[in-house]
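Structure first, then comments.
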Amino acid sequence: MTTIFTRIIRGEIPGTFVYKDEACVAFMSINPMADGHVLVIPRDEVDHWVDLSPYMATHLFEVSHRISKALQKAFPCERVGLIIAGYEVNHCHIHLIPTNNMSQLSFANAAASVDRETLENNAEKIISALNS
């Protein structure tokens, strides 16, 4: 069954993208734990991150590293937290969350929703930081 992330990648469902290449994409979380919460996702549907090819695992972390540097510029924070939980959607995804303390890295903090304008404004900040 096609995942919601594949449907977003294909453009069947709206997504607010900050990065795209031939192997993966990154877009804003619609249930963010903090402003700037981004998901990095392989284009191919791989359920569990341990099943990624060595190339894809390396590539996802390289992209996550680059985006995390941009997040630090766009959303000044002490650290960018990284979570690979794998339970919400059966399509491997890396959460990148700007944080100032460990308690912010909890799915209990996730917003129930966020308006499109906020997502787009946050995405513009990240894209600008990526391009600087």
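Values in this text are rule-based calculations from the coordinates and carry no lab data. Being a predicted model, the structure only gives us computed values, none of them experimental. Counting neighbours? That spans all protein chains shown, and the Cβs are built from the backbone with ideal geometry, glycine included.
Using the 10 angstrom Cβ neighbour count as an exposure proxy, how do Lys69, Lys125 rank, fewest first? Walk me through the intermediate numbers first.
Numbers: Lys69 13, Lys125 18.
In increasing order of surrounding Cβ atoms, one gets Lys69, Lys125.
With each pseudo-label sitting 7 Å past Cα toward Cβ, what's the Lys69-Asn131 distance in nm, one decimal?
Simple spin-label model gives 1.8 nm for this pair.
Using Cβ counts within 10 Å as a stand-in for footprinting exposure, how do Asp44, Asp35, Asp115 rank, fewest first?
Working: Asp44 14, Asp35 19, Asp115 8.
Lowest count first: Asp115, Asp44, Asp35.
Please give the net charge around Ile97, taking every other residue with its beta carbon less than 11 angstrom from that of Ile97, where Lys and Arg add +1 and Asp and Glu add -1.
Numbers: positive: Arg79; negative: Asp35.
In short, 0.
Using the Karplus curve 6.51 cos²θ - 1.76 cosθ + 1.60 with θ = phi - 60°, what ³J(HN,Hα) values do you get for each residue of segment 119-132, in whole Hz, with x for Gly and Pro?
4, 5, 5, 5, 5, 4, 4, 5, 4, 4, 5, 4, 8, 8
Under Stokes-Einstein, with the Kirkwood radius over Cα pairs standing in for Rh, what whole-number D in µm²/s applies to the chain at 10 °C and 1.306 mPa s?
Values: Rh = 14.7 Å.
Stokes-Einstein gives a translational diffusion coefficient of 108 µm²/s.
As I understand it, the dipole of the chain uses +1 on the Cβ of Lys and Arg and -1 on the Cβ of Asp and Glu, about the Cα centre. Which of Val40, Ser29, Ala123 lies farthest toward its positive end?
Ala123
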